Amino acid sequence: MARIEPTSQPMPSNIYDVDASDPRQQLVDRSGMDPATVSHIGEVMAALGRLRSAEQELSDASLKFMKLNQTDMRALHYLIVAANSGGTATPGALSTHLKISTASTTKLLDRLEHAGHITRAPHPSDRRALAITISPKTRQAAMDTVGRQQAKRFHAAARLSEEERNVVIRFLDDMAGELAITDEAWAQPGAAAD
């Protein structure tokens, strides 16, 4: 087994620092930008990294606790919201929400029903459809664990003023738009690296 030698240069404390990630400015042209501004933007990126890490840790813990996969958890969340809003969840609506095929949705529902997480029943107004509901036990387990933890985000947003929340919303929506891969050929189905 090869021994890993320590490097003579310490790693940057902020791995999201653009100067460390892109020293030759191949990705982000920073010419003319004040170094303090570039550094401060790096702090924003680091904060987003900490948020992603916290979300991943929570997701991993909830998946382990509930003994489900991410798609299962997203399906259960959808069913909770549908019930809370007085809607009737159907396999088709769930398939659309999860962006999975009808066949995959059927397998998912079979698995969740077999484990006692959901029930399927005739739709109350459409004889061709089924209504899907989350079991009370699973709903309570999800609410008491991951739901309660996720709800704490509300408090962070509540501590901001309305003006600050508007800035955060605008920033996050802008960042989501910048990250969208809808026009990137390499990210489309069937694209492969050479």
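The values are calculated or read from the model by the stated rules, or taken from the named source; none is laboratory data. Bear in mind the structure is a predicted one, so any value in this text is a computation, not a measurement. Reconstructed Cβ throughout: ideal geometry from the backbone, glycine too, with neighbour counts over all protein chains shown. Areas reflect the complete protein model, heavy atoms only, side chains present, ligands, DNA and RNA absent. Shrake-Rupley method; radii C 1.70, N 1.55, O 1.52, S 1.80 Å.
Tabulated results
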item	result
Residue in region 143-172 that is surrounded by the fewest Cβ atoms within 10 Å (Cβ to Cβ), counting only those that are over 30 Å from Leu68 (Cβ atoms) and acidic (Asp, Glu)	Glu162
Residue within region 128-146 that is under 30 Å from Leu51 (Cα atoms), of a type in the set (D, E, K, R), under 17 Å from the mean Cα position of the chain (by Cα) and modelled with pLDDT under 95 present	no
Residue pairs meeting the criteria (Cβ under 9 Å; at least 6 apart or on separate chains; first closer than 19 Å to Leu79 by Cβ, in region 137-158; second open to solvent by 100 Å² or more (accessible area, probe 1.4 Å) and of a type in the set (Phe, Trp, Tyr))	Ala141/Phe65; Thr145/Phe65; Val146/Phe65
Residue in region 177-189 that is open to solvent by less than 80 Å² (accessible area, probe 1.4 Å), modelled with pLDDT of 90 or more and either within 24 Å of Val81 (Cβ to Cβ) or not β-branched (Val, Ile, Thr) (or both) present	yes
Qualifying residue in region 65-80 (condition: polar (S, T, N, Q) and surrounded by 13 or more Cβ atoms within 10 Å (Cβ to Cβ))	yes
Test: residue in region 60-76 that is of a type in the set (S, T, N, Q), in contact (Cβ under 8 Å) with a residue 60 or more places away in the chain and under 27 Å from Thr145 (Cβ atoms)	yes
Tally of residues being in contact with a Ser or Thr (Cβ under 9 Å, 6 or more places away or on another chain) and surrounded by 15 or more Cβ atoms within 10 Å (Cβ to Cβ) across region 47-64	1
Matching option when the condition is without any contact (Cβ under 8 Å) to a residue 40 or more places away in the chain and open to solvent by 80 Å² or more (accessible area, probe 1.4 Å), among Asp34, Asp22, Asp17	Asp34
Which numbered condition Leu79 fails, given (1) in contact with a strand residue (DSSP E or B) (Cβ under 6 Å, 6 or more places away or on another chain); (2) modelled with pLDDT under 90	(2)
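Table: residues versus (1) under 21 Å from the mean Cα position of the chain (by Cα); (2) open to solvent by less than 70 Å² (accessible area, probe 1.4 Å); (3) β-branched (Val, Ile, Thr).
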position	(1), (2), (3)
Pro91	no, yes, no
Thr102	no, no, yes
Thr106	no, yes, yes
Ala115	no, yes, no
Ile118	no, yes, yes
